[in-house]
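In what follows, a structure is listed as structure tokens, so that the remarks can point back to it.
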Amino acid sequence: CAARIADTRVSTGPGSGRPGGPGSEPARLTLELAATPSPAGALALRVQSMTLTGAARTAFVFATKPEPIPLDGEPSIVAREVKVAPGRYRTLHLELGSGSTVGRRAPLAGGGDIPVDLELAPGGSGILLIKLDAEQSLRSEPDGSYRLEPVAALVTLAPSEGDAFGSVRGRIVPAGASAIVVLRSSSQAVGYTFPDPGTGDPPVRQGSRAG
């Protein structure tokens with residue numbers, strides 16, 4: 001029987017990962033975008049706004065670059081070290097502004113909700129990478145333009161540069177399955193652990209994100 005991961009949550013330190021109350025130190029969040037290849041060509045997104053929403057809070061995160069951001073290779077930073085209220089967020093709404101293109105300057109508009117499971121501790125920081133499935137996200141229009149209805153191929157959170165640690169909590173099922181848990185930032189392994197053979201609970205092993 002193949003092993004699978006259940007009940008996984010990623011959080012960034014310092015802090016316990018519990019939502020902060022009034023007056024809690026804000027978390028710092030860097031947002032990066034990437035995209036899979038598309039037959040229509042590479043994407044260049046001018047992000048008008050991004051909105052994180054959770055059960056009890058909303059945080060607006062605005063892009064820091066006025067020019068379109070090319071998504072044709074490595075992840076591109078959309079917003080750096082933005083202060084966000086600590087807590088748990090479930091959705092990121094991405095809205096494009098004018099100037100977004102596909103391929104050889106075909107106009108691109110639209111936006112939509114991307115499911116996330118993001119928990120930020122008071123005073124914590126992290127890098128949220130969203131990799132869009134470009135082929136699934138693009139809708140062609142009769143006039144030759146395109147509309148973006150974002151579908152994420154990957155959503156991952158890693159500790160920010162210089163942070164001492166982060167944590168991954170979860171369980172491997174069924175218990176006793178032979179498995180190793182590897183934490184990666186992009187393609188780089190930043191930590192690993194082995195599950196307890198009796199319970200499937202992996203002990204947390206700290207690791208830093210190398211530059």
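The values are calculated or read from the model by the stated rules, or taken from the named source; none is laboratory data. Remember, it's a predicted structure, so these values are computed and weren't measured experimentally. Cβ placement follows ideal geometry from the backbone for every residue including glycine, while neighbour counts extend to all protein chains displayed. Surface areas here come from the heavy atoms of the whole protein model, side chains and all, with no ligands, DNA or RNA. Shrake-Rupley method; radii C 1.70, N 1.55, O 1.52, S 1.80 Å.
Residue check, residue 87 against (1) small (Gly, Ala, Ser); (2) at pLDDT 80 or above; (3) open to solvent by 50 Å² or more (accessible area, probe 1.4 Å), all met but one. Which one? Exception for residue 87: condition (3). Specify the residue that is farthest from residue 151 (Cα to Cα); the eligible residues are those in region 99-120 that are without any contact (Cβ under 8 Å) to a residue 60 or more places away in the chain and among the β-branched types (Val, Ile, Thr). Looking at the filtered set, the residue picked out is 101.
Let's see how each residue does on (1) in a loop (DSSP other than H, G, I, E, B); (2) open to solvent by 10 Å² or more (accessible area, probe 1.4 Å):
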| residue | (1), (2) |
| --- | --- |
| 52 | no, no |
| 74 | yes, yes |
| 78 | no, no |
| 83 | no, yes |
| 91 | no, yes |
| 94 | no, no |
| 104 | yes, yes |
| 129 | no, yes |
| 136 | no, yes |
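Being out of contact with any Ser or Thr (no Cβ under 6 Å at 6 or more places or on another chain) and exposed (fewer than 15 other Cβ atoms within 10 Å of the Cβ) is the filter; apply it to region 150-178 and report the residue that is modelled with the highest pLDDT. So the residue we want is 154.
All of (1) open to solvent by less than 20 Å² (accessible area, probe 1.4 Å); (2) of a type in the set (A, V, I, L, M, F, W, C); (3) modelled with pLDDT under 90 hold for residue 3 with one exception: (1).
If the condition is being buried (at least 18 other Cβ atoms within 10 Å of the Cβ) and modelled with pLDDT under 90, then region 20-29 contributes only 20. In region 127-150, the residues that are closer than 20 Å to residue 77 by Cβ reach residues that are crowded, with 22+ Cβ neighbours inside 10 Å and hydroxyl-bearing (Ser, Thr, Tyr) with C-beta atoms within less than 6 angstrom, at least six apart or across chains, in these pairs: 148/137; 150/137.
Of all residues in region 54-70 being in a strand (DSSP E or B) and under 18 Å from residue 129 (Cβ atoms), which is most open to solvent (accessible area, probe 1.4 Å)? That would be 70.
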